[in-house]
Structures are given as C-alpha cells and as structure tokens.
Amino acid sequence: MREITYVKAFTESLMQLMAEDENVLVIGEDVAHYGGVFHAFDGLLKTYGEKRVIDTPISEMGFIGMGVGAAARGLRPVCDLMFFDFIGVAMDQLYNQAAKLKFMFGGDVSVPLTLTTAGGAGLSAGPQHSQSLEAWLAHVPGLKVALPSSPYDVKGLMVAAVRDDNPTVVVLNKRMLGSKGPVPEEIYEIPLGQANVLRSGRDATVIAVGRMVPEAMTAAGELAREGAEVEVIDVRTVQPLDSATILASIRRTNRALVVHEAVTFGGIGAEIAAQIQEEAFDYLDAPVLRLGAPFAPVPFSPVLERAYIPDSNRIVAGVQRLLERTGG
Amino acid sequence: MTEPAEQDPMSGLPPDVIHDLHRRMVRIRLFEEEAGKLMEAGKMPGFLHLYVGQEAVAAGVMTTLRTDDVITSTHRGHGHAVAKGADLRYMYAELFGKQTGYCKGRGGSMHINDLSIGMLGANGIVGGGIPHAVGAALAAVYKGQDSVAVPFFGDGATNIGAFHESANLAAVMGLPVVFVCENNGYAEFTPQDRHMLIKDVADRAAAYGMPAEIVDGMDAVAVYLAARRLVERARAGEGPSMLEAKTYRFYDHQGVKGLRIPYRTQEEIDSWKQRDAITSLEERMISSGIAGQPDLEKVWSDTSEEIAAAIQFAEDSPDPDPAHLLDNVYTV
Amino acid sequence: MAVEVLIPKLGLTMEYGLIEEWLVAPGTPVKPGDPLLRLATDKVDVEVEAEGSGLFHPAVESGAELPPGALIGWLLEAGEQPPGAAGEALPGAASSAPAGTPAAGPAKAPTGRLFSSPNARRVARERGVDITQLNGTGPGGRIITADVLDATAAPQMPQQTVQQTTPAARPRPASPLVRRHATAAGVDLAAVTGTGPGGKVLRSDVAAAVRPAPATQASTQQASTPQSVIPLTGMRGVIATRMHASLQEMAQLTLGTEATMDAAVALRAQLKEQWKQAPTITDLVVRAAALSLREHPRLNASVHDHAIHVQPEINVGLAVALEEGLMVPVLKRADQLPLSAMAAETRRLAQAARTGKLTLPELEGGTFTVSTLGSFGIDFFTPVITPGQVAILGVGRLRDSVRWEESTPLKTQVLTLSITFDHRAVDGAPAAEYLRSVASRLTNPLTLLA
C-alpha cells in the first residue's frame, strides 16, 4: 500500500468527501488561497472553487457560528480553527450552540458541523500555540472529539467526522503532520468511538492519545526487550470514549498507564483512570498511572519543551513502575 | 364590518397588510400578557423576558418575510416566534416545560424554534444567534435559493464580539442578511448612553461597509416599509444591511414587575406607553376606514380565545419522562 | 524479665495456629506445665502449656490466627510492664521497610493494615490462598498478584509425600471502607456473610449485621438475620478452603460401579467368629483399594510443578465423620498391612479421631483416600479429592439387590464404589480399570487375606 503523510491523508479525505457530497464546504482562515498554514487544504480551492472553499476574516466566533447556522440548514461545513489554542474565542458557538441545539430545540435541528484544528507542542510555538485541550471538549455533552494518531487514522476519522450528523472536532497533531504511513486510496471510514488495540500484551496496558500513540509503541518495543509485553491502546476518540475496550484490556493485564500530551491535572487520563478503578477495581495489581504534561503552560525554549512533553522514555519508566517488584 | 377602503392613504399599502400587522401585534401582546401573569403567579417554571411594547418591530419585519426566510431570535423572542407564525399551543407548552412544547420541554422560553416556519431558534447567549443567521444566509446562497436571513438582537448585543464578527463576515461575503436591531434603550438594566458612546446603533453598519436605516419602532407600518426595502435588496443579491428600530419594552428586563428595582422613571415608561404601537395603528385603521371598532375588538376576542385554548392545551399536556433525559444529546 | 509466649510449631507443615481460647485470665500466676491456651491448626487442636513462670499477659485476643513463632503473650514479673509501646509490630510482621529491603514477612504496617492489590486479593480468594501469610514484593511491600501465584506453586517437602496444605479461613474479603464500617459498628467481619461478588462483604452486609432484621414472613429475604452464624474458622474453615481449592485446581470427575459383595459378606461373617476384631466391610474395601493401587500406581500420585509425581508408598487415608466436620487419619503402607492388623488400626484411628486424640503424624502423609457414606444410607456419591492426591474412593451402603442367572433372578448384596479422579493425571479408562479391579477383589475376597 502506498504511504503518504499525515497531512496529505487529511487533504485527501476532504478532497474525496467534497466529491462525495456537494453539501460539504470548507470555511476558515487562509484555507482557500493559501491552502492552510499547514498546507492541509492544498488544492481544494483549485478543485472546488470559491463557493466551496471560503477564506474568512479573523473571526472564529463568527465563522464557526456561521458554520452552525449553515449546518442547521442542511449544509455540512468543515470549519478550520487554525490552532487549537484559539478555541477560546469561539467557545460559545461550540459548546453552547453547536453542542446544544439538537437537545435544546427538542431534536428537530441537527448540527453536522466538523471543526478541524491543529494542537500539540514540540515546535517551539509557545504557550498560546501549543496546547492540547481535548479534555475541555470531551466534557461537553453533544460534542464528539477525535485525535488521529496516524495517516491512516486521519483519513478514516475525518471521513467519519464529516459524515457524522453531530458537531465533531478533529484535532490534528502538529508534530505528526509529516509522518508517513500506509493509507488506502479509496474513501473509508473509521467509526467514532472505537479504540484501536495496536499491540497485544499481557503485562500492562498503555492507553495513549494522539501523538503519544507512536511514543507508546516505541516504549513497548523497548519494554519487550526487557521481557515485558505491553498492550497499547489508541483511544482514537476521547468522546465517545471506548471504555469497553480499555476495561477488557485491564482485566487481562491488571496494570494501566494513560499517556497524553495534555496537562495531567484534569486531563482525559483522569477520566479514564476513574473509570478503570470504578469498573475494574478487583483486577488492578497497581494504581492506574497517568503520564501527561506538568501543570504549567507549554514553554517556548526547546530545552524546556523537551522536558515538558511526555515521551517514550517516560512511558517506559512508567510501565516499569507498574511492574516493579522488590526481591521477588 | 364597514366597507374596506382601497388603501391606507398614509402608506399606500393594501388593507390586508395592515390587518396582518394588526393581528400579529395583538397576538404577541396577548400571548405575552398571559404568559407574564402565569409566570409571576408561580405557575410557570423559570423566568421570561417579555416583548410587550416592541410588537411593531416583530410584526413589521415578519409581515414582509416569506416562510422560507429564516430568523434567529433572542432571550426576548416570543414576539418573533409568534409573529413568524409559531403555534401558540406548542409555545405555551414549552414555557410550561411540557413534552408537547417546541423543545419537548428541554429548552424553555429562550429556545423556542420552528424550522418549518423559518424560525431558527431563540438564543440565551447575547449575540449567540447572529452568526447562525449568517450561516443560514450562506446555505441559501450555496443552494441557489433567494431566501433571506434576519437575525434580531438588541442594542446591548451590538457590543458583543459575535455581532461584529457576523456583520463583517456577512458584508465581506455579500450574504443576504438584514440585521435587525431592536433598540429599546437598555442592555438589561443599563441605559444605552452608559454602554455606548454613539446614539444610533445604525452608525455601526458603516464600519462594515453596510447600509443601514433607522425607523420608529412603535410604528408598525414604518417598520414594515423599511424592512421590505432592505429585505428585497438582500433578496436581489445586493448584500446585507442593518435596520435599527427605536422601541421600548413596557415591562422589566425579566418578568412583568421583575426584580422591582427601579432603574427607569415612571415618566419615561408612561411616555412610551402613550405611543403604544397597537393603539396607534388601530387609531389609524379606524380613521382611514380600513376597519371599524367592532372588527378590531373581534381580533382581540378571537385571539383571546385562541390563547386560552392554547394555555389549556399546555396545562393538559404531559410532562417529559425522565427516562428520556438522554434523548437528543446526539443525532443518532 | 518477661518470658515470651509464642505460637508453637506443631508439625512440619503447620502454617498458622488459631487461638481458640485463652485458658487463663490476664494476671494469673502460672508455672511451667500450666495450660495457657487452646490452639487449633488445620490438623489438630492442642493445649499449649506455659514454659516458664510469671504473671500471664496475653498480647493478642482469642480468635487470632498467627504463624508459628508469633508472639502471643508474656509471663511477667510482679510490677513488670509488657515490652513495647502500643503499635509495636509483631515479630514476623514487617514495619515499613527501608526502600529496597524486602519485607521479612507479610506486608503489614504497624497498624496491622495489609497492603495488597485488588487483583492479588481476588486471585488469592479464588485459589484459597491466605494472603495475610504472603510476602509482598510490590512497591512498599505491597502484595501483588505474582506473590499470590508464587505461593500457589507449593514448595516441596523432600522427605514427606507432598501434601498441598491449604491454610484455613482467611480474612473475609471486604474493601477498606467496609472494614472501617465494621470496626466502627463493632461488627466482627468474620461473622458476617458477604453478599457481594465472590462472597465479598458489602457495607449493607455489615449494616444488616448491626441491626436486627424485622421479623417478616419471607425468610428468604436477603436482609433477614440468619438463624445462626457459624464462622468458617478452625476445622470448618479448613474443610471449606480445602474442598473449594481441590475443586478449583483439579479436573475432577467420578465413575461408579457396583461390586457384588456376597462373598465378602460371607467372609466377614466367618472372620467374626474367628478373630477378636473382625474387619468391617470398609476394612475390606480399604485393603482391596490398597492392593489394587499396587497394580495401578498412577492413582497413587500427586500433581504439582507441571508433573505427576507417583508416590513411593501407599498411605490410605480413611475419612472419619465427626459431629462437626471430618478427619482423615492415614493408614501408613496400607498395602502391606495384613487384614487383621488393618482392622485393628482403623478401629483405633477412628476412635482417636472421635475423641480428638489423633496425633499429627497420624494425619499426615496420605497418598489416597477412602470415604464411606454407607452408614448414612447413601448409595452413591461423588467424593472430592483430598488436595495433594489424584483420586478418592467412595463407598456406598451395602444393600440388597438382584442378579440374574440366565432368566432367574437371585438375591444378592452389592455396594456401589465410586472413584473421583483428577483427569490431569489419570484418564477415564485407567480409572475405570482401577475401580473394576477393586470391585473384583471384593467379589473374590480371599485375595484380601493374603
């Protein structure tokens, strides 16, 4: 199978979705003529024209709200939020409007809006351009949130998100944009709410989000050399969360480590850990560990940023803590 | 019924339109009065923001719109819904929180909606619905339709980011939106001269390159004519505009007597009450011979009956079932 | 100078002792030889005597279960205080060990809290392992699943035939919160029946134990007070644990066959006239079983360490029913005991069992078991294999039956033999052959006299 980059897989998903459904349109800053600051929208304007690929002023609240209205009227807008960090200026339209219209209006209005955005640290982009805020969104009933971890997943999850009739946020990770992987040429869908067990193991389960998934796989390889077989689960979506897959794994391995780029305190790892201890208490051989960023904004200096973001070494150390025995 | 005159000599409009304006205003007035009584008597849960006094704006604009033209509304949105043609039974049912309400009891007063008549919902967030109207206009253009979108909002809302972003966006994209500002002189409890330096909200339209009109919001006919001009302009593809209607709400921000903290003088309230839009239209209708007193009274009594029946319907309706609490959180 | 009173080690395989009862009150002056307490192990009940002189001062309450060597009291001089302030750790229990030092004993903090992971507790429950006796190798001395699994791979006793000794009743499974509730409510957890999963004691169970249940007609109501509560401690606890463990670990199934007993009955009647102590029918069965084991050694074995260990000697345990419980004294080298000697021995052992006078060696070393329920009117049953063995022979009651000679019905006396065997070690066919061999010996009992 041919290999393409994460960002190309994203573009391809839109290219194919817009061909499949004439109601799909793209709205955002610098998406049309510039092709998007991450080149994620390259070629779309040329293929589909200005009517369907729209450059907006810097008005996230305005154009995401516009997306809500258009979605309520039968279109399938893909609104692009350039950086995940900018979600604050548009938050009302996302959590008070998009997420709630279906419920608040008694069910007659659907909002098939997709919000694409780029999150994550590691590029020295500074505190206001590096955040991972998926836990905020996962907390809102009515929203769906996907964090693809590979080119294959980007395309599949994007297709599912755009076809889904609910407001769905797809968070790309900036550091993974150039990573390559096998991607089928035809259009395909990965169901939202279905975690991916990337690696089977019996000694511990590592539940990873987004960019931490490849880090977890690297860690698993290292741990295997030490004789520890780690099961790696990619949540794929934090809302809906595939708790069943996670719990089934814990019941087999008895040890869990959740890893995400987001700040540990109040991150999605906290929800997962709470669910594990509640539903699989009797199967735990060790406390559930969470590995995330420290409780500070993302620092700019590369030295600090490296210390800030979790990586495979820390995942290895975390799993070792789970497995430790003294004199056994 | 007296012989209908050919036209109202003061506006050149056909009598049907005048009657239409009148009926819509009476409906709004009675709906709100009854709702206010029920709420302040503790018979309705939550709180209401009553439209009494501003009827001419809703009636004037809605009378010029088609069913497929879309409006968005505010926390003070009963008037818009009624004028757009909402079913009074389902409106009262929603205010009572019943299963038969427009939102199945899940939304309440501030989220009344009826897409079948082009009412894309009222919003509890100030300015929250304005971008939705822009989106509706986008959808219309996208699909090659000539419908128009009309967001309603107050003077206070023109200070919030969502208004500015929406106005600029609509202007830059040339969308068929008529931004209708109901300037009742207060943003909640703060008078206009304390929340903006300009006197006319319409001045803001120029900042976005949009034309605007100012109209007497207590004159239903004037509102109608101005709205018609701007709506037809939009429908013809000439882009968005703003209509500022100077009006006044007779009751408090919330409720009838509300919190009973006086922030408006009785003289002020009385002076606006003397300009009651329904009273003044009725006088014109009689003096121009379009209708006789009995005709007008019949409208009031017919509407009263309809409202009483609607309230009865709502009171008789079932409560929502808690077992269905999770319904419609997501579209399945 | 305080003289320590310790739990004595009774027998090589003793893992703990239960203090059933203190026989002297605190402060009583005692001298060497005076009985201090009654101690129960999984095998015997004994009186433990003072080994010194002094004023007796207990360190633990009756009902405590502790390993051999554990400190349970002192003999003090007049005016002497017992050593150690409140909260001193019992010897053999680990206080919070310095990092890196493995806990010397069960992972108990000075307050007596056991640190073990939920999964370790679950697995220990399922396997009948007493988690309080384990060393924890997890962080901070926490007992983790691996520690439980290590413990269930039973260590070998070189000289002895291996017996899988499972400890007696372990603490009731209950979450820390429930334990606190029980303590606060003054409820003895051991007396509470757990209605949670796996017998776990829930808060509602503790609450029910505190409040007398309202008298209702529905005696099947879960919330009603049981008519009597018999703790699973002592022998009852041992039986509970061992039966459960046996069925959990082995792949047991039972075959049955009828043995024609006319000749055996006749032989017995003859011997009764000639010998002082005539063999019982059971004796005949035991002899037959022992002799047949010579020809079928695979049924005289033990399974552990992923292997079948065929035992060098045939030591047949004979299950003796008591008022509450049962005991299994062992006939050593039963195949070599002539019938007359066996008859005398079984009689002696049964008597000793009933009067509580069995010694430890008489209870250890069994490689095969025979169990009879004939005197209780049972025709056939499915006995449970004694842990550490691979087969058990069940004997039903002697009863009248009919056999056919051509078309003629003839009266006969039969009994049903059943063998429960561990299919991990033995297949159906060999088990069946063994059973038929026993039946055949009983049908031609003169072979038993050899």
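The values are calculated or read from the model by the stated rules, or taken from the named source; none is laboratory data. Just so you know, these numbers come straight off a predicted model, no measurement behind them. Every residue, glycine as well, gets a Cβ built from its backbone with ideal geometry; the counts of neighbours run over all protein chains shown.
Tabulated results
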item	result
Residues located in segment A:44-70, provided they are within 7 Å of chain B (Cβ to nearest Cβ) and part of a helix (DSSP H, G or I)	A:M61, A:G62, A:F63, A:G65, A:M66, A:G67, A:V68, A:G69, A:A70
Qualifying residue in segment B:173-181 (condition: crowded, with 24+ Cβ neighbours inside 10 Å, more than 30 Å from A:E50 (Cβ to Cβ) and touching a residue at least 60 places away in the same chain (Cβ under 8 Å))	yes
Test: residue in segment A:113-121 that is in a loop (DSSP other than H, G, I, E, B) and within 14 Å of chain B (Cβ to nearest Cβ)	yes
Failed criterion for A:D165 (all others in (1) among the acidic types (D, E); (2) within 14 Å of chain B (Cβ to nearest Cβ); (3) within 26 Å of A:P310 (Cβ to Cβ) hold)	(3)
All positions within segment B:111-136 that are within 9 Å of chain A (Cβ to nearest Cβ), part of a helix (DSSP H, G or I) and either in contact with a His (Cβ under 8 Å, 6 or more places away or on another chain) or without any contact (Cβ under 8 Å) to a residue 60 or more places away in the chain (or both)	B:H111, B:L115, B:S116, B:I130, B:P131, B:V134, B:G135
Residue within segment A:86-94 that is in contact with a strand residue (DSSP E or B) (Cβ under 9 Å, 6 or more places away or on another chain) and either within 7 Å of chain B (Cβ to nearest Cβ) or not in a helix (DSSP H, G or I) (or both) present	no
Strands (runs of 3 or more DSSP E) lying entirely in segment C:373-450 (those with 1 or more residues that are more than 20 Å from C:D283 (Cα to Cα) and free of Cβ contacts under 8 Å to residues at least 12 places away in the same chain)	C:399-405, C:408-422
Test for A:Q97: is it more than 12 Å from A:V169 (Cβ to Cβ), of a type in the set (S, T, N, Q) and in a helix (DSSP H, G or I)	yes
Of residues in segment B:157-172 being crowded, with 24+ Cβ neighbours inside 10 Å and free of Cβ contacts under 8 Å to residues at least 40 places away in the same chain, the one farthest from B:H75 (Cα to Cα)	B:L169
Condition check for B:E165: within 12 Å of chain A (Cβ to nearest Cβ) and not small (G, A, S)	yes
Residue in segment B:215-228 that is part of a strand (DSSP E or B) and crowded, with 16+ Cβ neighbours inside 10 Å present	yes
Spans of helices (runs of 4 or more DSSP H) in segment B:236-332 with at least 1 residues under 21 Å from B:D193 (Cβ atoms)	B:266-273
Residue that is nearest to the chain's Cα centre (by Cα), among those in segment A:168-180 that are of a type outside the set (A, V, I, L, M, F, W, C) and more than 14 Å from chain B (Cβ to nearest Cβ)	A:N173
Elements of type helices (runs of 4 or more DSSP H) contained in segment A:222-328, each with 3 or more residues being modelled with pLDDT of 95 or more and not aromatic (F, W, Y)	A:243-253, A:268-279, A:312-323
Condition met for A:D108 (within 30 Å of B:V141 (Cα to Cα), of a type in the set (D, E, K, R) and part of a loop (DSSP other than H, G, I, E, B))	yes
Failed item in (1) farther than 18 Å from A:V162 by Cα; (2) surrounded by fewer than 24 Cβ atoms within 10 Å (Cβ to Cβ); (3) of a type in the set (D, E, K, R), with A:E60 passing the rest	(2)
Filter result (surrounded by fewer than 19 Cβ atoms within 10 Å (Cβ to Cβ) and among the hydrophobic types (A, V, I, L, M, F, W, C)) within segment B:205-214	B:A206, B:A207, B:I214
Subset of segment A:276-325 (residues that are of a type in the set (V, I, T) and either within 19 Å of A:I233 (Cα to Cα) or not assigned by TED's automatic domain parsing to the domain that holds A:A248 (or both))	A:I276, A:V288, A:I315, A:V316, A:V319
Tally, over segment A:138-162, of residues that are more than 23 Å from A:A19 (Cβ to Cβ) and within 14 Å of chain B (Cβ to nearest Cβ)	8
Count - residues of segment A:242-259 that are away from chain C (no Cβ under 14 Å), surrounded by fewer than 22 Cβ atoms within 10 Å (Cβ to Cβ) and touching a helix residue (DSSP H, G or I) at 6+ places or on another chain (Cβ under 7 Å)	1
Selection within segment A:260-293 - within 10 Å of another protein chain (Cβ to nearest Cβ) and not hydrophobic (A, V, I, L, M, F, W, C)	A:Q277, A:D282, A:Y283, A:D285, A:P287
Which listed residue is surrounded by fewer than 18 Cβ atoms within 10 Å (Cβ to Cβ) and within 22 Å of C:A319 (Cα to Cα), from C:I392, C:I385, C:I419, C:I378	C:I378
Odd one out for A:A125 among (1) crowded, with 22+ Cβ neighbours inside 10 Å; (2) farther than 25 Å from B:H132 by Cβ	(1)
Condition check for C:T443: under 30 Å from C:H309 (Cβ atoms) and among the hydroxyl-bearing types (S, T, Y)	no
Residue match in segment B:194-204 (condition: out of contact with any helix residue (DSSP H, G or I) (no Cβ under 8 Å at 6 or more places or on another chain), in a loop (DSSP other than H, G, I, E, B), on the phi < 0 side of the Ramachandran plot and surrounded by 23 or more Cβ atoms within 10 Å (Cβ to Cβ))	yes
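One line per residue, one yes/no per condition, for (1) surrounded by 23 or more Cβ atoms within 10 Å (Cβ to Cβ); (2) in contact (Cβ under 8 Å) with a residue 60 or more places away in the chain; (3) not in a helix (DSSP H, G or I):
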{"site": "B:I28", "(1), (2), (3)": "yes, no, no"}
{"site": "B:F31", "(1), (2), (3)": "yes, yes, no"}
{"site": "B:G36", "(1), (2), (3)": "no, yes, no"}
{"site": "B:M39", "(1), (2), (3)": "no, yes, no"}
{"site": "B:P45", "(1), (2), (3)": "no, yes, yes"}
{"site": "B:L48", "(1), (2), (3)": "yes, yes, yes"}
{"site": "B:G53", "(1), (2), (3)": "yes, yes, yes"}
{"site": "B:A56", "(1), (2), (3)": "yes, yes, no"}
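Condition check ((1) modelled with pLDDT of 90 or more; (2) of a type in the set (D, E, K, R); (3) surrounded by 19 or more Cβ atoms within 10 Å (Cβ to Cβ)) across all residues:
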| site | (1), (2), (3) |
| --- | --- |
| C:I72 | no, no, yes |
| C:P106 | no, no, yes |
| C:R121 | yes, yes, yes |
| C:Q159 | no, no, no |
